[in-house]
Amino acid sequence: MNNMLQVQFGNITFQNPVIAASGTFSPDFEQHFDLSRLGGICSKGLTLYPRAGNKGIRIWETASGIMNSVGLENKGVDLFIQQDLPILKKLKDKGVRIIINVSGSTEEEYLRAVELFSKEEVDIIELNISCPNIKGGGMLFGMTSYAARELVRQVRKITSLPLVIKLTPNADNIVKIAQCCEEEGADGLSLVNTFNAMAIDVKKRKPAFNNVYAGLSGPAIKPIALRMVHEVCQKVKIPVIGIGGITNGRDALEFVMAGATCLQVGTANFMNPFSCARIIEDIENFLREEGIESLEEIRGIL
């Protein structure tokens, strides 16, 4: 393990800060580089029951990113534990931290899914609160501080695993929601998720996506995501995972200097399957060139 890159996220040590983001990476990437080099891998968004996902177009390329409307297609918690988790555990044995992204449409679904994963050998639960609360009329759990607070409070009661809350940038006040999550016992935060966006098929004269709006990610959102991470890091004491358009080492270092402890790389994996490995190399080269012994020296340095 390279101590220069090692970071401490609460009580968990990462061999480096680079995490492959939810829904953008799988163990199949082993054909491109040695996955044991990663700091961590975040699972695809998982729901208690299998989901078929959205119909119609799911991915739409933009000038500097992509829009997605996948609809949380996944095999459900039970099958994931049976089929996929054993593969991830092999990487865990090599020092890669395993993060499980949990989603749900009701509080009960979140709680049951977290209960099941709490019995497994995983490192962190990442609670995706950017999901529509069916009982709440379809409003995202993460859109209001009240909804976020209530969900985090209930989940915190049932698991001793480190709990990271993934925040939506579409909320009115992401800093306030971050503070509420911290108050209810969250061990960390990850931000940001995708931004609400739209594409129109001009030949068909209708929205490109069946759901009309979709989530925008990639380089286009980086400056806004960076600003939000900086704002949140100044107002909470728990560690933050920075997400949003990171495609190279310079991007990653910007998030560290804004206060982030770890980083998730997502859309860049679609652009170049070597992205995570190269970002790790870029960070290490920068530290050596600048004579910096640890990322802690520059974290939140602004």
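Only the coordinates and a few stated rules stand behind these numbers; no lab work does. Please read these numbers as outputs of a predicted model, since none were measured by experiment. Quick reminder, even Gly has a Cβ in these numbers, built from the backbone with ideal geometry, and neighbours come from all protein chains shown.
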request  = For the pairs K55/K176; K90/K166; K94/K119; K75/K119; K90/K237; K75/K222, note any where the Cα-Cα span goes beyond 29 Å.
outcome  = K55/K176; K90/K237; K75/K222
inquiry  = I need the peptides 214-227, 251-264, 281-294, 73-86 ranked by packing, meaning the mean over residues of other C-beta atoms within 10 angstrom, with the highest value on top.
reply    = 251-264, 214-227, 73-86, 281-294
Trypsin sites (Lys or Arg not before Pro) lying in DSSP loop within region 79-118, provided at most 14 other Cβ fall within 10 Å = K94
inquiry  = Using the Cα atoms of region 121-225, I'd like the radius of gyration and the largest Cα-Cα distance, Dmax, both in angstrom.
reply    = 15.8, 53
task = Sort L91, L295, L167 so that the residue with the fewest other Cβ atoms within 10 Å of its own Cβ comes first and the one with the most comes last.
result = L91, L295, L167
query = Short version: what are the Cα gyration tensor semi-axes of the chain, square root of 5 times each eigenvalue, largest first, in whole Å?
reply = 27, 23, 20
key: G185 long-range amide H proximity, modeled H, under 5 Å   = none
query = What are the ³J(HN,Hα) values, in whole Hz, obtained from phi via the Karplus relation 6.51 cos²θ - 1.76 cosθ + 1.60 with θ = phi - 60°, for each residue of region 38-52 in sequence order, with x given for Gly and Pro?
reply = 5, x, x, 10, 9, 5, 4, x, 10, 10, 4, 10, x, 10, 7
Base-10 log of normalised Debye intensity for region 228-286 (one unit scatterer per alpha-carbon) at q = 0.13, 0.19, 0.23 Å⁻¹ = -0.32, -0.63, -0.85
ask   = So who's got an amide H within less than 5 Å of the one on G76, skipping anything under 5 residues away but keeping other chains? H placed 1.01 Å off N, in plane.
value = T47, R51
message = For I12, what residues show an amide H to amide H distance below 5 Å, using hydrogens built from the backbone and excluding near sequence neighbours?
response = none
inquiry  = Taking the number of other C-beta atoms within 10 Å as the exposure measure, put T13, T159 in order starting with the fewest.
reply    = T13, T159
